[in-house]
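Taking it in order: structure first as structure tokens, then the write-up.
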Amino acid sequence: MKQAIIDIGSNSMRLSVYEIKENSFKILFKEKIMAGLAGYVEDGALSAQGIECAANALRTFKEILSLLNIENIAVFATASLRNISNTADALFILEKTSGYQIEVISGEEEATYGYIGAMQELGLDKGAFIDIGGASTEIAVFADKELLSAASFPLGSLNLYKDCVKKIMPGENSVKKLQKIIAERIDTKKIAAFGKQEKLVGVGGTARAILKIAQKYYHLPCQSQHISGEELTELCEHLAKGDKEAIDLVLKLEPDRIHTIVPGALTLEYICRLFSAEEFIVSKYGVREGYLCQKLLRS
């Protein structure tokens, strides 16, 4: 059976198509549209232009799925629709124009699905988990292959950029402002209660982008999935300089994220320090695969 999942995120909207056999899956096809919906939030509401942008992306995905003759389609939204004041209105328009039923998942559900997805590949016994989206960051802690706690925080790479950065790359003052906002919006008590975590697992576009940049910066093999906490701090400091070398590095590898990579990297490095993590590991699976396993393969 073939199953499609559409993820309406705050920075990117993604379509993944899976081949399902019994209780296992294989990714057949992926497509991404950098819709940047968090950039269309005005006074807490998603603007009409932002809703139309999301609708256009859904139309594009629908055309692709029609060409592929995929009938099993699940659609969910994260902070893109969860953290706005006009969720009901936006849902009504998007469902009417696309013909899809859209589920808005909670922050805790997003963290749980992301953890479940990552563990399909990594299968670690103990550690912490992070997913830095466009408008929210999900963090979880697990031990003995069981989820202990999952939480969502109202900051992401795109809304941090919108709130703190005036140019494409942040200057020294913007970096200080970003660091201050990140510290204010992350409830350290929820994290400190679990103490040191040796391994920090990352999923999502920001984590993958940072790993890709790290591979180039440290001359790591392309199949490498991890860097040390010290390497992450050094890379973050390099990117935060915003000089020509840092800009060129991002433009060569992740040009779509030239404006959000520093906010995302600063958030990741802050969480890594809070956990005193010695290793950052990136999984190719995430919230969509967790949603697939938890909601569709078990149904």
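What follows is calculated from the coordinates using simple rules that are stated; it is not laboratory data. Fair warning: this is a prediction, and the values are worked out from it, not measured in the lab. Cβ coordinates were reconstructed from backbone atoms using ideal geometry, including for glycine residues, and neighbour counts include every protein chain displayed.
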**Study point:** DSSP bridge orientation in the range 2-104 - percent antiparallel, rounded to nearest 5
**Key:** 65
Revision key, fill the gap. Asserting the computed 222 nm helical MRE of the chain (DSSP H runs at least 4 long, -39500 (n - 2.57) per run, divided by residue count, to nearest 500) equals -13500 deg cm²/dmol
Study note, to complete from the structure: Summing +1 per Lys or Arg and -1 per Asp or Glu among the other residues with Cβ less than 13 Å from G50's Cβ gives -3
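To check you understand DSSP bridge types, tell me what percent of the beta bridges within the range 108-282 (both residues inside) are antiparallel, rounded to 5.
In the range 108-282, DSSP labels about 65 percent of beta bridges as antiparallel.
Please tell me the relative contact order of the range 2-104 in percent, rounded to the nearest whole number, where contacts are Cα pairs under 8 Å and at least six residues apart. Could you put the intermediate results ahead of the total?
Values: 170 pairs, mean separation 30.9, N = 103.
Contact order relative to length: 30 percent.
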Study note, to complete from the structure: One would report the antiparallel percent of DSSP beta bridges in the chain, rounded to the nearest 5, as 65
Practice item. Collect residues whose amide H, placed 1.01 Å from N in the peptide plane, falls under 5 Å from the amide H of Y100; neighbours closer than 5 in sequence don't count. Key: none
**Study point:** Taking only Cα atoms of the range 185-298, radius of gyration then Dmax in Å
**Key:** 15.0, 49
Point to revise | the range 108-282: relative contact order as a whole-number percent, Cα under 8 Å and 6+ apart | key: 27
**Study point:** the range 196-248-the range 268-299 distance, computed between alpha-carbon centres (Å)
**Key:** 16
Check your understanding: Given 0.36 nm per residue, what is the gain on full extension from N56 to S106 after removing their alpha carbon distance, in nm?
Key -> 15.6 nm
Check your understanding: Whole-Hz Karplus ³J(HN,Hα) for the range 69-77, in order, using 6.51 cos²θ - 1.76 cosθ + 1.60 and θ = phi - 60°, x for Gly and Pro?
Key -> 6, 9, 9, 7, 9, 10, 10, 9, 10
Point to revise | Cα convex hull of the range 18-110 - mean projected area over all directions, nm² | key: 6.8
Exercise for review: Could you rank the peptides 276-282, 130-136, 192-198, 89-95 by their average count of other C-beta atoms within 10 Å per residue, with the highest value first?
Suggested key: 130-136, 276-282, 89-95, 192-198
Study note, to complete from the structure: One finds the C-alpha centres of the range 106-142 and the range 1-54 to be spaced, in Å, by 18
**Study point:** GNM result for the chain, Cα springs below 10 Å: residue of S152, S106, S224 fluctuating most strongly
**Key:** S224
